[in-house]
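Taking it in order: structure first as structure tokens, then the write-up.
The values are calculated or read from the model by the stated rules, or taken from the named source; none is laboratory data. None of these values were measured; they are calculated from a predicted model. Neighbour counts are summed over all protein chains in view; Cβ atoms, including those assigned to glycine, are modelled from backbone coordinates with ideal geometry.
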Amino acid sequence: MGFVQKHAFKTMIISYFGLVLGYINKGVLFVIILSTEQIGLINLLLSVGMLFAQFSNLGAFNSTIKFLPYFKNDSIKNSTFFKLNIKIVLFGILLFTIVTLLLKNEINRYFGLKSELFVENYYWIIPLGIANVFFVLFENFLRGYHKNIMPVFLNDFVLRIIIFSLLFLHWFKYIDFTLFLTLYCLLHLISPIVLFISIIMKKSIEEKEKLKIPVKFKKIILNYSLFSYSNTLGVIVVTTMDTLMITYYEGLKATGVYTTILYLISAVQIPYRSLYRVSEPLVAILWRAKKKVELEVLYKKLSSVSLLIILFLFLIIWVNRYDLFGFLPSEYSIGIWVFFFLIIGKIVDLYSGLNGAILVTSKKYKFDIFFTLILLVLVFSLNLVLIPLYGVVGAAISTAFAVVFYNLGRILIVWKYYKLHPFELNQIFILALFLIIILLFEVTPSLKIIPIVNILINSGIITFVFFGVIFKFKLNREITLYFNKFTQFVFKKEFISVN
């Protein structure tokens, strides 16, 4: 876990700088400069663009993670495998570009009345999707070599700096919204281009021998790619389905509110994503080496740390919810309950940790198709009922329920076939601590002071109590060890001993 911590810490630092920029962009400047409808349009285009990418990759994303360890030798060179995945992706892009063009009339029929702006800018889905599919493909390839910094730096920092600049150009009327949207969509192509150049320049792709992938092994790769296809579609399809169905029933303004809350949810995932970026490629390596014990240790540690982090960040946001949402226009107030239900699903999703990676890189990867189909049917069916009744809150409820069901099912399958699970006794005490702190703040009258001061005071109390109890009773060994290393680095002294 030390290797994971070291690399995750670096990516997390960059991600948090990016988070600050992202919050300034989407949480402040978007709300000030753009209308709710324009925000809804941009976020919807991004969501559908990601959906385009997930369809277009044809399973190449997962196969890169699973099979790259087999190509780190001299028998079959990495260039062959890399080129195979590029060919798969290019075919997928061609196929779904045609599908996207053919769907234009249907999009106009379903969304033309309430979301005319989306129909007018529908074709931007294609360049956004192409940018996304190549970025993820190149990122996964670099992650296989534990090169995580460049993709995170480009996506979480450079991209947001440019967006920040574009927002000011639009604010001061140097560019209109049409040009802003054009530049916003095109700039997403920068990251994959830079990553591709980086891969070539650093010679991550070696070509010492002109050997082909054996036909039998190529069939295994292609077969796995097709079956694992569903895994990468799952969460993205659910999120996109939400935004599309909200747009259909409620219009782009409601989509703007919902997707803004989704961004807030994504902020609490940053520590987990940093850990997951490093941990996921290790799963395939451990499977190949048949190190099941080490895999179980990694699974439990990541789940335990993820649970602690997500509960802490949920506490910070939920206790300060009225002050935080007070900074947004009144139309965003309903987002409090959107956040509540979505975060419930996210807690289970993040706690499940590596169950998806373990399943899709194992011999039982075909089970994921079954779970994804259930997930899609559940979300679609529940949205049909709940969005007309409760609007954006209904979409959040349906997604939360489906994600919880989906992850519990995958946990059971991983346990049934491999006897691996994320559960540890200390997690019960952490959950109890979380519930006690929530209850105490709910029954304690709020301080009637300046919102930002109130947020700082509440957050300070939560941090002191939550981590104080955890360190005192050593409820999470990994966090305590990590804290020790940090204090040793800063103060040259070890504050807490861990047995």
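Structure above, values below:
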quantity	calculated
All positions within the range 398-437 that are surrounded by 19 or more Cβ atoms within 10 Å (Cβ to Cβ) and basic (Lys, Arg)	Arg410
Lone qualifier among Ser352, Ser330, Ser381, Ser362 - being of a type in the set (Gly, Ala, Ser) and at pLDDT 90 or above	Ser381
Residue match in the range 452-471 (condition: outside any helix (DSSP H, G or I), hydrophobic (A, V, I, L, M, F, W, C) and outside the structural domain of Lys300 (by TED's automatic domain parsing))	no
Matching residues in the range 128-158 - criterion: being among the hydrophobic types (A, V, I, L, M, F, W, C) and farther than 18 Å from Arg273 by Cα	Leu128, Ile130, Ala131, Val133, Phe134, Val158
Yes/no for Leu179 being closer than 26 Å to Glu120 by Cβ and at pLDDT 95 or above	yes
Within the range 30-43, considering residues that are over 18 Å from Leu187 (Cβ atoms) and assigned to a helix (DSSP H, G or I), the one farthest from the chain's Cα centre (by Cα)	Ile32
Residues that are modelled with pLDDT of 90 or more, of a type outside the set (Phe, Trp, Tyr) and more than 16 Å from the chain's Cα centre (by Cα), drawn from the range 130-157	Ile130, Ala131
All positions within the range 324-337 that are surrounded by fewer than 18 Cβ atoms within 10 Å (Cβ to Cβ), assigned to a helix (DSSP H, G or I) and in contact with a Pro (Cβ under 9 Å, 6 or more places away or on another chain)	Gly326
Some residue of the range 441-457 being more than 30 Å from Gly326 (Cα to Cα), touching a helix residue (DSSP H, G or I) at 6+ places or on another chain (Cβ under 6 Å) and modelled with pLDDT of 90 or more	no
Long-range neighbours under 8 Å by Cβ, at least six apart or interchain, first residue assigned by TED's automatic domain parsing to the domain that holds Tyr122 within the range 252-274, second surrounded by fewer than 19 Cβ atoms within 10 Å (Cβ to Cβ) and acidic (Asp, Glu)	Leu252/Glu37; Lys253/Glu37; Lys253/Glu331; Gly256/Glu37; Val257/Glu331
The range 146-167: number of residues that are out of contact with any helix residue (DSSP H, G or I) (no Cβ under 8 Å at 6 or more places or on another chain) and not small (Gly, Ala, Ser)	1
